[in-house]
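J.: This is the structure I want to talk about, given as structure tokens.
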Amino acid sequence: GCREIVLIQPQQRSRRKTDRRDARALRDLLWVNRIALVNGERLAGLRRVRPCTQQESEQRQITSLRRHLSKQKTKAVNKIHRILLKHNLQHDCPTKSIDTQRGRQWLTELALPQVDRLELDLLLAQWALLREHLQKVQEKINQMHNESPAAMIVASVPGLRSYSSVAIASRIGNPQDFPRPSSLANFFGLTPGCCNSGDQQRPGSITKEGSSLVRGLLSNCIYHVLRKDAWMRAWYQRIKRRRGSGIARVAVMRRLVTIIWKMLREQMPYVSGGPAEVEKQRQIVKALAS
């Protein structure tokens, strides 16, 4: 029967905190701002929270599970490399990487001391189990991707596939909850923090609030975008000459988030070539619709 969930962010913490004082403060805050809350106005210290749907919750859960399994797999592979490095055998592998059928077969037949052989066998069994689990999780993610229109739109961005598109789309949810593209960039922690005093402007690094998974996916995605989108690459080069490559990459990530916001609001796929090409594509869509 709950009509709306309101998350209250206090401006400062009190050392005299009791349930009675908290209830009285909440009562006064909600009563004084009752008209603004009903009208949907933005209030300082108050932030509305929309509970995610069952579909979004499952998508977030399974993408987080895939990230966890990938980290566990990387840890197992790194431990195998450490055993090979211990005995100076890292260059004796018959293939370039141990993550091949011949490479894994070579690891099972490798002659090692008793304790190292036991540890390597356990790591190989763990590695095989994690690969099986990742395959099952990826199949479920592919199914969720095909059933989500928002994820399919996000997947049109170069470098984003089923896993990354489902992870990003599920954490955005309803794009109407973000009134401006900068709101979504702020939601993912891609806007610079500040500590201003009077006329002194002190912008800092990005806040890194929100989902670290989304920021990681976007940081990997921008290299594909810069390679395939000439307009975005030229824009990146201009910022790189002035501010350096690190700041330029973060700027591309933030711009990519604003593009995804517009894509979801207008139900349009990614278009390379900048605003002029996007407007041309929008006119084509309107002409076909009429």
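J.: In region 196-213, is there at least one residue being touching a Phe, Trp or Tyr at 6+ places or on another chain (Cβ under 6 Å), crowded, with 18+ Cβ neighbours inside 10 Å and not polar (S, T, N, Q)?
T.: No.
J.: I've got another one for you. May I ask you to verify whether Ala276 is small (Gly, Ala, Ser), surrounded by fewer than 19 Cβ atoms within 10 Å (Cβ to Cβ) and either over 18 Å from the mean Cα position of the chain (by Cα) or over 20 Å from Cys221 (Cβ atoms) (or both)?
T.: For Ala276, the condition - small (Gly, Ala, Ser), surrounded by fewer than 19 Cβ atoms within 10 Å (Cβ to Cβ) and either over 18 Å from the mean Cα position of the chain (by Cα) or over 20 Å from Cys221 (Cβ atoms) (or both) - is met.
J.: Could you check, for region 213-233, whether at least one of its residues is within 19 Å of Ala169 (Cα to Cα) and among the basic types (Lys, Arg)?
T.: Among the residues of region 213-233, at least one is within 19 Å of Ala169 (Cα to Cα) and among the basic types (Lys, Arg), which makes the answer yes.
J.: Let me ask another. Could you pull out every one of the helices (runs of 4 or more DSSP H) wholly within region 210-290 that has 1 or more residues that are within 19 Å of Phe178 (Cα to Cα), touching a residue at least 60 places away in the same chain (Cβ under 8 Å) and touching a helix residue (DSSP H, G or I) at 6+ places or on another chain (Cβ under 7 Å)?
T.: Counting at least 1 such residues, we get 245-266.
J.: Right, next: Look through Gln138, Gln126 and report the one residue that is open to solvent by 70 Å² or more (accessible area, probe 1.4 Å), polar (S, T, N, Q) and at pLDDT 95 or above.
T.: Gln126
J.: So Met144 clears everything in (1) within 16 Å of Met263 (Cα to Cα); (2) touching a residue at least 24 places away in the same chain (Cβ under 8 Å); (3) under 18 Å from the mean Cα position of the chain (by Cα) except one condition, right? Which one?
T.: In the conditions (1) within 16 Å of Met263 (Cα to Cα); (2) touching a residue at least 24 places away in the same chain (Cβ under 8 Å); (3) under 18 Å from the mean Cα position of the chain (by Cα), Met144 misses (1) alone.
The values are calculated or read from the model by the stated rules, or taken from the named source; none is laboratory data. Bear in mind that the values here come from a model prediction, so they are computed numbers and not experimental data. Please note: Cβ atoms are built from the backbone with ideal geometry, for glycine as well, and neighbour counts cover all protein chains shown. Surface accessibility is based on the protein's heavy atoms, side chains included, excluding ligands, DNA and RNA. Shrake-Rupley method; radii C 1.70, N 1.55, O 1.52, S 1.80 Å.
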